[in-house]
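What follows is calculated from the coordinates using simple rules that are stated; it is not laboratory data. Note that the structure is a prediction, hence the values are computed from the model and not measured. Every residue, glycine among them, receives a Cβ derived from its backbone with ideal geometry; neighbour counts consider all protein chains shown.
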Amino acid sequence: MEGSNAVVLDDPVGASLRGHHAHLARGYGRAVTYLPEVSTFCAVPARPGPAEWADLTQLLGPGEFADMFDCPSIPPSHWEPVFVLEGRQMIRPGADSPVPSPAEAGTDVVELGPNDVPEMLDLAGRTRPGPFWARTPELGTYLGIRDNGTLVAMAGERLRPPGWTEISAVCTAPEARGRGCAARLVGALAARIVARHERPFLHVADSNTAAVALYERLGFETRKPVTFRGFRTPADS
């Protein structure tokens, strides 16, 4: 059972921006988004009307990218579609589900900090795990694995709706694949999340079948299908 508190996962961006990540948010009216270089995700209330879409246009500016994540509401027809990507939201079962102990991750798993950001940006640029900007690591804890001093794998925390933490930016350099790096990093993050009495969840594109299989082996289950969408706000007339 996913539990009654899973309803916040139906709007994880809005719940994060209005809660744990409020210090990283900017808003106008009833629309919210992240600060520049943290994330492009933005949110409007459930069942938004013309006023809420106008708030988002005012917040982002005319002709700007609106990354709506999996918002179920579609902007007005004069907003330009940018992308559509089918995916799924996956969660770990409840508190009785075992997670790896920190020792199982291995001694080469290290916590990353501000000095590691250039390498993190480089790794994300080469592997493209999803949106990743200079201030994205401010969203939560990031762990990495180094090989002879070079960062070859990482994963971190992103959205933080109440009671939950999203695991994201899971990526491994091509030369380090096949060593179980992603499994160890996701397991280590899940253990940390559970230790602070929260539950881990994540999002993955349906086309990334290898990642879906990995997460299922680690105990994650699909909660619901999601459709990720991006739009461009109307330009000034």
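Diagonalising the gyration tensor over the Cα atoms of the stretch 133-200 and scaling each eigenvalue by 5 before taking the square root yields semi-axes of 22, 14, 9 Å, largest first. Around the amide H of LYS224, modelled in the peptide plane, lie the amide H atoms of GLN89, all under 5 Å away and 5 or more residues distant in sequence or on another chain.
Annotation for the stretch 132-237: trypsin sites (Lys or Arg not before Pro) lying in DSSP loop with at most 12 further Cβ atoms inside 10 Å of their Cβ are ARG196. Projecting the Cα atoms of GLY14, THR136, VAL32 onto the charge dipole of the chain, computed from C-beta unit charges around the Cα centre, puts GLY14 farthest toward the positive end. Its relative contact order, with pairs defined as Cα atoms under 8 Å and 6+ residues apart, puts the stretch 15-154 at 21 percent.
Taking only Cα atoms, what is the 0 to 90° angle, nearest 10, from helix 181-195's long axis to the longest principal axis of the chain? Compared with the principal axis, the helix lies near 70 degrees.
Label separation (LEU35 vs GLU86): 3.9 nm, computed from points 7 Å beyond Cα along the C-beta direction. Return one number: the angle in degrees, 0 to 90 and rounded to the nearest 10, between the long axis of the Cα atoms of helix 117-127 and the longest principal axis of the Cα atoms of the chain. Tilt of helix 117-127: around 90 degrees. In the stretch 31-184, the alpha-carbon atoms span a convex hull of 145 Å³ per residue. For the chain, the longest principal axis of the C-alpha atoms and the axis of helix 50-60 are separated by about 60°.
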